[in-house]
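Novice: Pasting a structure below so you can have a look.
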Amino acid sequence: MAVMDSDPPTPASTTPVADYLDRPAPGATEDHLVVPRSLAQSMPLRWQQVFVGLLADLHDAYRDQPWPQYRVVPSRWERLADMDEEQLAASGFHADLGPDGELEYRDARDELVTDAATRRVLAPVDDPLPRASAGRVPPRPADPL
């Protein structure tokens, strides 16, 4: 005779993608998921086949949506005071010498930023991942059993 479990099974989530991406995940933002092509192309063959099938289904199901072109910019959170001129400009800030000879940071509305030493903003950086044209990126070895 089988013993009955008194607790009903936990139902599977109806939002598994949101559940996964709502926690910190590489390449995920509130509105987008970026999958570096070099890493996707480096997955084992079976994973690539499944991934392509899922992408094909996604693109087929939403082919009538007005898909824009996306510009992906590798970025990381940096302290405003640590950024160079290019990073400041790309992030909507600039720095100039103030009347006392110290650097003053201003935002896009030209308002003074008083916490530049601690304020973090998303700044463009060189992409640490290889380009897709660089070839296969070997994955991390599996943890021992």
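The values are calculated or read from the model by the stated rules, or taken from the named source; none is laboratory data. Here the structure is a predicted model, which means the values were calculated and not measured. For neighbour counting, all protein chains shown are included, and Cβ atoms are generated from backbone atoms with ideal geometry for every residue, glycine included.
Novice: Determine which member of the set 124, 74, 66, 141 is closer than 28 Å to residue 33 by Cβ and touching a helix residue (DSSP H, G or I) at 6+ places or on another chain (Cβ under 6 Å). Outline the logic, then answer.
Specialist: Numbers: 74 fails: touching a helix residue (DSSP H, G or I) at 6+ places or on another chain (Cβ under 6 Å); 66 fails: touching a helix residue (DSSP H, G or I) at 6+ places or on another chain (Cβ under 6 Å); 141 fails: touching a helix residue (DSSP H, G or I) at 6+ places or on another chain (Cβ under 6 Å).
Exactly one residue qualifies, and that residue is 124.
Novice: From the list 103, 97, exactly one residue is over 30 Å from residue 36 (Cα atoms), in contact with a Leu (Cβ under 7 Å, 6 or more places away or on another chain) and loosely packed, with under 10 Cβ neighbours inside 10 Å. Which is it?
Specialist: One residue alone meets the criteria, 97.
Novice: Scanning for something exposed (fewer than 10 other Cβ atoms within 10 Å of the Cβ) and either in a loop (DSSP other than H, G, I, E, B) or not acidic (Asp, Glu) (or both), does segment 82-92 turn up at least one residue? First the steps, then the outcome.
Specialist: Restricting attention to segment 82-92, the residues satisfying the condition of being exposed (fewer than 10 other Cβ atoms within 10 Å of the Cβ) are none.
Looking through segment 82-92, none of the residues is exposed (fewer than 10 other Cβ atoms within 10 Å of the Cβ) and either in a loop (DSSP other than H, G, I, E, B) or not acidic (Asp, Glu) (or both).
Novice: Now for a separate question. Of all residues being under 22 Å from residue 120 (Cβ atoms) and assigned to a helix (DSSP H, G or I) in segment 39-81, which is farthest from the chain's Cα centre (by Cα)? Just the residue, please.
Specialist: By that ranking, first place goes to 81.
Novice: May I ask you to list the residues in segment 116-145 that are closer than 21 Å to residue 77 by Cβ and either in contact with a Phe, Trp or Tyr (Cβ under 9 Å, 6 or more places away or on another chain) or not in a loop (DSSP other than H, G, I, E, B) (or both)?
Specialist: The answer is 116, 119, 120, 121, 122, 123, 124.
Novice: Need the failing condition index for residue 71 against (1) surrounded by 11 or more Cβ atoms within 10 Å (Cβ to Cβ); (2) modelled with pLDDT under 95; (3) basic (Lys, Arg), just the number.
Specialist: Against the list (1) surrounded by 11 or more Cβ atoms within 10 Å (Cβ to Cβ); (2) modelled with pLDDT under 95; (3) basic (Lys, Arg), residue 71 comes up short only on (1).
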